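The values are calculated or read from the model by the stated rules, or taken from the named source; none is laboratory data. Owing to the predicted nature of the structure, the values given are computational and were not obtained by experimental measurement. For neighbour counting, all protein chains shown are included, and Cβ atoms are generated from backbone atoms with ideal geometry for every residue, glycine included.
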Amino acid sequence: MLHVSNLTKRYGLLTALSEVSFSIRPGEVLGLIGPNGSGKTTLFECLGGVLPADGGAIAENGRPLTAAERKARVFYLPDAIAPWPAQTVGWALDFITGFFGDRRSTTNDQRPTTTAVVRQLDLEPLLDSPIGTLSKGQRKRALLGIGLLTPQPILLADEPFDGLDLRQTREVAQTLRAHAAGGRTMFLSIHQINDAARVCDRFVLLSGGRVCGEGTLDELSRKAGQTREGDQPERGDLEDVFLALT
């Protein structure tokens, strides 16, 4: 288990993250939920090592991680980027596999093959297309393919459903859940609460740079005072729970 404790990030007088604390469990789909400007991207950039935090710690089973150890455990997939725009999708997928090394010769390695990821994300028609020519939704699926081929056990994906239509969103959600069932942890920053309710096991609610709730929908609903102990809330209630807790 990874535990983030009191993570703080400031930009001059502005505090973007204020003592943010939560846990990340192995093999779960964890949703980071919050409105625009709540600090979701800043949190991911700090966890991914893109930005230095001004305070706090990231620990594994109670032991603080070094920068190198965190890099080996977490891969951050930003939103709205187009890496290697002149290169094809197929080239990018092959590059990622080669860059991190093909470790599938060991029987314990659970990394997916490129063929499996291409099939799961319907990337076959895009393999010969330069990344810079892709539409928003096509680029999103290509980037997710890159992320799924990385070896780090925790994948941070910023807005993984942005640009996808309803059918593609459901198919991508099923793919992410399948990879989580295989043991990889998916930490997803999601703006659309209904998408989060369909795919995530637990949630971290972020508002104004602070965590205002963490847990399953049942746990958050009880915290919000919307259900009695033992009741099973509808998954569609996540929006009401978020509003009640923020």
Next on the checklist: For the list (1) crowded, with 17+ Cβ neighbours inside 10 Å; (2) at pLDDT below 95; (3) touching a Lys or Arg at 6+ places or on another chain (Cβ under 7 Å), I need the number of the one condition that ALA82 fails.
Outcome noted: (1)
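Outside any strand (DSSP E or B) and under 24 Å from ARG177 (Cβ atoms): does that describe LEU43? Working first, answer last.
Values: outside any strand (DSSP E or B): yes; under 24 Å from ARG177 (Cβ atoms): yes.
When the stated conditions are applied, LEU43 passes them.
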Item to check | Any chance ARG139 is in contact (Cβ under 8 Å) with a residue 24 or more places away in the chain, part of a helix (DSSP H, G or I) and not hydrophobic (A, V, I, L, M, F, W, C) | outcome: yes
Checklist outcome for this item: Checked the stretch 190-212 for anything under 14 Å from the mean Cα position of the chain (by Cα), charged (D, E, K, R) and either at pLDDT 90 or above or surrounded by fewer than 21 Cβ atoms within 10 Å (Cβ to Cβ) (or both); matches are ASP201, ARG202
Item to check | Test for GLU19: is it without any contact (Cβ under 8 Å) to a residue 12 or more places away in the chain and either in a loop (DSSP other than H, G, I, E, B) or not polar (S, T, N, Q) (or both) | outcome: no
Next on the checklist: Residues that are assigned to a strand (DSSP E or B) and either out of contact with any strand residue (DSSP E or B) (no Cβ under 7 Å at 6 or more places or on another chain) or not aromatic (Phe, Trp, Tyr) (or both): does the stretch 91-98 have at least one?
Outcome noted: no
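Quick grid of which residues meet (1) part of a loop (DSSP other than H, G, I, E, B); (2) among the aromatic types (Phe, Trp, Tyr):
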site: ASP162; (1), (2): yes, no
site: GLU171; (1), (2): no, no
site: HIS179; (1), (2): no, no
site: PHE187; (1), (2): no, yes
site: ARG198; (1), (2): no, no
